[in-house]
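Computed from the coordinates by the stated procedures, all read-outs in this text should not be read as laboratory data. Computed from a predicted model, the values in this text were never measured in an experiment. Please note: Cβ atoms are built from the backbone with ideal geometry, for glycine as well, and neighbour counts cover all protein chains shown.
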Amino acid sequence: MARSRWSLRFARLPIRARLTIAFAGVMLAVLGAAGVFLYVQFRSDLDAQVDASLRVEVDNLKALVEAGPPGAVASSGAPFAHVYGENGQLVASTRRAEGSRLLSVREARRAVRQPERVARRTLPFGDVRIRAFPATAPGGRRIAVAVAGTLALRDHELARLRTLLLIAGPLALLLASIAGYELARAALLPVERMRAQAERITDRRLSERLPVPDPLDEIGALGRTLNVMLARVEAVLERERRLVSDASHELRTPLTTLRAEVDLALRGDRDPVELRAALESAAEEALRMTRLADDLLVLARADEGRLPLRPAPLVVRDMLEAAATRARAAAAMRERSIVIGGVALGMAVHADPDRTAQALDNLIANALSYGEGTVTLSSRAEDGLVELHVTDEGRGFPDHLLQRAFERFGRGAEARAGEPGSGLGLALVEAVATAQGGQVGARNLPEAGADVWMALPRVG
Ligand SMILES: Nc1ncnc2c1ncn2[C@@H]1O[C@H](COP(=O)(O)OP(=O)(O)OP(=O)(O)O)[C@@H](O)[C@H]1O
Ligand SMILES: [Mg+2]
């Protein structure tokens, strides 16, 4: 439905103004209705009073003329009263009502037979209400008694009420609107403060937070939620920044070595053996950088939730045996052995074969690089998941690293000094496990060595 020009214009006004207009509109309706109600009620009260006093006078006069001559009305005390004969002719009148007729001839004739009422009539002595009743004169003659009550007081009172309402109503409306505007302004002030502060918080000053006025009201809740969001954005940005700086740092080392090799090789009189050695070293550095770039790409994809996975049922025992076989040569070089520990027969997980194998290789490579003694591969079923454990008999993780072992570029000082690697191995294991609905964990064994595991969804 197309919105009208006015509603569009209204929607464009500031909330403050819209609230005030709406509030004033409602106030106008309420005050108007209350005013009309009050006026009508007051008027009907006044009318009832006029009618009641008229009725008393009529009763008095009726009793008078039915007992004595019509002329007795003159001394009845009623200000305006007439007695009419059967043909509508004026028979008697009070002094103040002389010279005019309360009822026309036709009305008077009707009044002889039935009660008659005139709500308002303008006579020389003012606006009046008239009541007339049939009566029977002492001789049996049918007559009508008419009494007029002045409406001056009633009209005056009503006019006074009207004036009061016309002054007080708009005044009340004005005051209520001003109060409404001020209330809306005060309520929206914290929002404006928060907006101004949000504008100041650029990506350079993300550590600042929005002012939270009253933590218990709705706007306070909004401020708190936005601040939590800001904290999260800051943390994510901080992580990204660290990642970029770590990645550049990691790339610098192999690049520097590569350049040194190439410079050396280019320096004039190299014999073929030296040249070959330089090229081999260069190729090794290039391989390291390729690995690093590949790992970063996998992590970035996993972050976006776009890691390509082709999950299939994998028998745990076969998978662990294949991993052990792959690592055997590397283990033999270090005079280490790899054994398969406790694995339930026929247990299987639902996972991508290549990624899972790569993750297992990372765990075994770590155990070989940083651990000592026998490397044991085992599995354990744990509510819906199967944990694949790789344990060794070395010194375990340095204490400070245990909590952050799966962080990107997190490496122990010894690893940094001694082993090639970039510190992405465990981060990749975590990415692969969580992308498949699993989890990871690491702990130091009480006796000796590290126990690192990845858990994957169990089949069946
Ligand atoms: N089995 C282990 N025993 C003791 N320390 C370990 C073990 N596995 C990992 N660590 C520590 O955790 C760090 C992080 O391991 P991670 O596999 O993530 O990186 P890396 O092995 O150093 O490098 P990359 O795997 O990328 O070549 C290691 O540098 C090492 O200090
Ligand atoms: Mg590693």
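Within the chain, DSSP assigns beta bridges of which about 95% are antiparallel (rounded to the nearest 5). Counted by Cβ distance under 11 Å from Y370, the other residues give a net charge of -2, where Lys and Arg count +1 and Asp and Glu count -1. Applying a DSSP loop filter and a limit of 15 other Cβ atoms within 10 Å to the GluC sites (Glu not before Pro) in the range 200-246 leaves E208.
How far is the Cα center of the range 102-125 from the Cα center of the range 302-340, in Å? Here the two parts' Cα centres lie 117 Å apart. Ordering of 268-280, 355-367, 244-256 by packing is 355-367, 244-256, 268-280, highest average first (other Cβ atoms within 10 Å, averaged per residue). Against the chain, whose longest principal axis comes from its Cα atoms, helix 218-266 is set at around 20 degrees. Residues whose amide H comes within less than 5 Å of that of V386, counting only those at least five positions distant or on another chain, are L456, R458 (H built at 1.01 Å from N in the peptide plane).
Karplus-derived 3J(HN,Hα) values for the range 14-31, using 6.51 cos²θ - 1.76 cosθ + 1.60 with θ = phi - 60°, are x, 3, 3, 5, 5, 4, 5, 5, 4, 4, 4, x, 5, 4, 4, 4, 5, 5 Hz; glycine and proline are entered as x. Between E240 and L309, the FRET efficiency from the beta-carbon distance, with R0 = 25 Å, is close to 0.55. Rounded to the nearest 500, the 222 nm mean residue ellipticity of the chain from helices alone is -19500 deg cm²/dmol, with -39,500 (n - 2.57) taken per DSSP H run of at least 4 residues. Remark: relative contact order (the range 218-303) = 27 percent; criterion is Cα-Cα distance under 8 angstrom and separation of 6 or more residues. Between R416 and E335, the contour length at 0.36 nm per residue exceeds the alpha carbon distance by 26.9 nm. Packing here is the average count of other Cβ atoms within 10 Å per residue, and on that basis the peptides 373-385, 8-20, highest first, run 373-385, 8-20. Near E261: Cβ cut-off under 14 Å, other residues only, Lys/Arg at +1 and Asp/Glu at -1. The net charge is 0. Given R0 = 41 Å, the distance between the Cβ atoms of I167 and D217 translates into a calculated FRET efficiency of 0.60. Per residue, the average separation of C-alpha pairs within less than 8 Å and at least 6 apart gives the range 5-112 a relative contact order of 14 percent. Using a cut-off of 15 Å between beta-carbons, work out the net charge of the residues near R185 (Lys and Arg +1, Asp and Glu -1, R185 not included). Value of the local net charge: +2. Taking amide H as placed 1.01 Å from N in the peptide plane, A92 has its amide H under 5 Å from the amide H of V83, each at least 5 places away in sequence or on another chain. Put simply, the amide H of D127, placed in the peptide plane, has neighbours under 5 Å in L151, leaving out anything fewer than 5 places away on its chain.
If R0 equals 45 Å, the separation of the Cβ atoms of A34 and E208 corresponds to a calculated FRET efficiency of about 0.35. Relative to the dominant Cα principal axis of the chain, helix 316-333 is inclined by about 40°. Distance between the pseudo-spin-label points of A277 and E447 (7 Å out from Cα toward the beta carbon): 4.5 nm.
The gain in end-to-end length when the R120 to H156 segment is fully stretched comes to 11.5 nm, 0.36 nm per residue minus the alpha carbon separation. Phi-derived couplings, Karplus 6.51 cos²θ - 1.76 cosθ + 1.60 at θ = phi - 60°, listed residue by residue for the range 275-287: 4, 4, 4, 4, 5, 4, 5, 4, 4, 5, 5, 4, 5 Hz, with x used for Gly and Pro.
Peptides 437-443, 299-305, 53-59, ordered by how many other C-beta atoms sit within 10 Å of their residues on average, highest first, read 437-443, 53-59, 299-305.
When all alpha carbon pairs of the range 218-303 are counted in 10 Å bins from zero, the resulting P(r) reads 15, 28, 20, 16, 10, 6, 4, 1 %.
A straight line joining the Cα centroids of the range 202-272 and the range 1-55 runs 62 Å. For the chain, a crude dipole built from +1 on the beta carbon of Lys and Arg and -1 on the beta carbon of Asp and Glu, taken about the Cα centre, is about 4620 debye to the nearest 20.
To the nearest ten degrees, helix 425-435 and the longest principal axis of the Cα atoms of the chain are 40 degrees apart.
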